[in-house]
1. Checking Asp148 against (1) more than 30 Å from Thr129 (Cα to Cα); (2) of a type outside the set (Phe, Trp, Tyr); (3) in contact with a strand residue (DSSP E or B) (Cβ under 9 Å, 6 or more places away or on another chain); (4) assigned to a helix (DSSP H, G or I), only one condition comes out false. Which one?
2. Within region 496-506, which residues are on the phi < 0 side of the Ramachandran plot and either more than 13 Å from the chain's Cα centre (by Cα) or among the hydrophobic types (A, V, I, L, M, F, W, C) (or both)?
3. Would it be correct to say that Glu584 is without any contact (Cβ under 8 Å) to a residue 40 or more places away in the chain, on the phi < 0 side of the Ramachandran plot and outside any loop (DSSP other than H, G, I, E, B)?
4. Where the second residue is polar (S, T, N, Q) and the first is farther than 12 Å from Gly339 by Cβ and lies in region 593-615, which pairs have Cβ atoms under 9 Å and are six or more apart or on separate chains?
5. Answer yes or no as to whether Asp606 is modelled with pLDDT under 95, of a type outside the set (Gly, Ala, Ser) and farther than 21 Å from Lys451 by Cβ.
6. Find all pairs meeting these conditions: Cβ atoms under 9 angstrom apart; at least six residues apart or on different chains; first residue within region 491-520 and within 17 Å of Gly419 (Cβ to Cβ); second residue among the polar types (S, T, N, Q) and at pLDDT below 95.
7. Scanning region 374-398 for residues that are hydroxyl-bearing (Ser, Thr, Tyr) and more than 18 Å from Val499 (Cα to Cα), which turns out surrounded by the most Cβ atoms within 10 Å (Cβ to Cβ)?
8. Restricting attention to helices (runs of 4 or more DSSP H) lying wholly within region 243-327, give those where 3 or more residues are modelled with pLDDT of 95 or more and surrounded by 13 or more Cβ atoms within 10 Å (Cβ to Cβ).
Amino acid sequence: MEPVNTSGSLAKLRELMKREKVDVYVVPSEDAHSSEYICAADARRAFICGFTGSAGCAIITQEKAALSTDGRYFNQAQHQLDSNWELLKQGLPDVPTWQEWVVQQAEGGKTVGVDATLITAQQAKGLETRIKKKGGTGLLGMPKNLIDEVWGTERPARPNNKLIVLEQKYAGKPFQEKLEALRKEMEKKKSPGFVVSMLDEIAWLYNLRGSDIPYNPVFFSYAFITPTDATLYIDSSKLDEKVLDHLGDEVKIRPYHAIFDELAATSQKLKEEAAATENETSTKEAQKWLVSNKTSWALSKALGGEENIEVIRSPIEEAKAVKNDTEREGMRNCHVRDGAALIEYFAWLENELGKGEKLDEVQAADKLEEIRSKNKDFMGLSFDTISSTGANAAVIHYKPTPGACAVIDPKAVYLCDSGAQYLDGTTDTTRTLHFGEPTDMERKAYTLVLKGMVALDRAVFPKGTTGFALDVLARQFLWAEGLDYRHGTGHGVGSFLNVHEGPIGIGTRIQYSEVPLGPGMVISDEPGYYEDGSFGIRIENIIMVKEVQTNHNFGERPYYGFEHVTMVPMCKKLTDPCLLTPAEKTWLNDYHAEVYEKTKGFFEKDSIALKWLERETAAI
């Protein structure tokens, strides 16, 4: 993770800013669809500052440049930013947010500019209000991106890959039913139309998958749904006959970029129709376009701006988070296959290191992908594999690269966070192992993290409980020792979709207090602990919310718990049984018995993996 010299790019950008009369320029991480993970052509923030993490915002003035990111990436950003940049460690005391830093720079009548497709309408409104309050001239939503001009011909081409149909045996429900349910939600709001801009929502809605963004089976498109029509805005070259037959006459196909002009024309037509009615005021109130809270400022402006839209949490996002019976069974099945692949990999890795073989982090990750690729319905990885040894394991989102990674040290902690995409589900598993003799601190830290993971897995809670409320369960044992970790405890997981999926999560982010957990939701359980420069610990299982039976029924409401689907043993060598309660030991032994029963059949011809599995799942 060497810093990139950004002096030349910043000089070019500042010249363009002068030309456009922009004093402060904001470069978000996201693409025009608010995607967390983006394609190479949209990695503008990484290009201008050199920091490649998935979250953060860059701000440039004529004299300064700052990168704001959260605790997952402090270590990485410090390594990747050159001397041109100031690192704003989001969430630490007395450190301004990127918005606050922008406002500070805009004082004295300065203008702030941003690509209007890369910021939401709500973000734009809030930022502009704060800028003007402090004496800035306001926020300029720019129709072109200045970074693209600086990048020039070296900017990667935008992907244009073919789509596939996700068959009903995997999707569990035809897209026509999903459209019908969405229209019922629109009817409740008395809205003439809903704009869908999130790529995973469009893929889920139409039972289609793509490959325009690495590891995320989505495709560049927009959707516009009215009570009578469904329009998909997409490059038609992506659609083969099978996809067109699947969509049939129910879905109109229009060019990808046509949505802006067509929304503007549709919105204008609605205004004219309203003006022609006798009861103009009430008609206007009842005829607002629905957009999600992640819709871009540019799309909102195309619809006529704030007075013509109602910003809501997307009903598609909420529906997608609740997996149907088919999707839940797919999650169970793919995690067994995926668990077997990880067991084979860990056994192989331990055996190779035991023979004295020298393997670097990338070679190990490549071997894991090779093993996974043999699995039924394998469609690729769900994110870059985090294969990290020793001090690299303390970098929360570490990404090893060929020629710039470490050789795996059998005397150090090894952390592997990896996942795969299958037609029947998405996996994400983290295991931390040790192939030698761990230190007392490493064993203690691992066991405290394990206790937190088990506490969340065993939780029982009433209907209406959010992930915000449950987060403390996973941190309690670390907190008792004055320890903690700078990332969330859990994120939603898609079904052959994005490995990070809203709107649910477990953590201290305020949005995790907004949507209660309910049956069918799939989420990760991944506490950790990291000592910079030394080691890192993380343990992650995927869990699904289910209804449970309790002895009492206070409040006359259902009570929920979790079903774990990840099937990979914990590391015995790092576990200190003296720190586990009898209930925790019972959980661990029961879990290992389940892992053994569900995966042993994969190793009838692999004695190395079978012996490793038997050893790691033996009762403590």
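The values are calculated or read from the model by the stated rules, or taken from the named source; none is laboratory data. Here the structure is a predicted model, which is why all the values come from computation and not from measurement. No Cβ is skipped: glycine too gets one built from the backbone with ideal geometry, and neighbour counts run over all protein chains shown.
1. The failed condition is (1).
2. Correct list: Leu497, Val499, Ile504, Ile506.
3. No: the conditions fail for Glu584.
4. Here the result reads Ala593/Thr617; Ile608/Asn351; Trp612/Asn351, each pair linking region 593-615 to a residue that is polar (S, T, N, Q).
5. no
6. These pairs meet every condition: His500/Ser54; Gly505/Gln511.
7. Ser388
8. Hits in region 243-327: 259-275, 297-302, 315-321.
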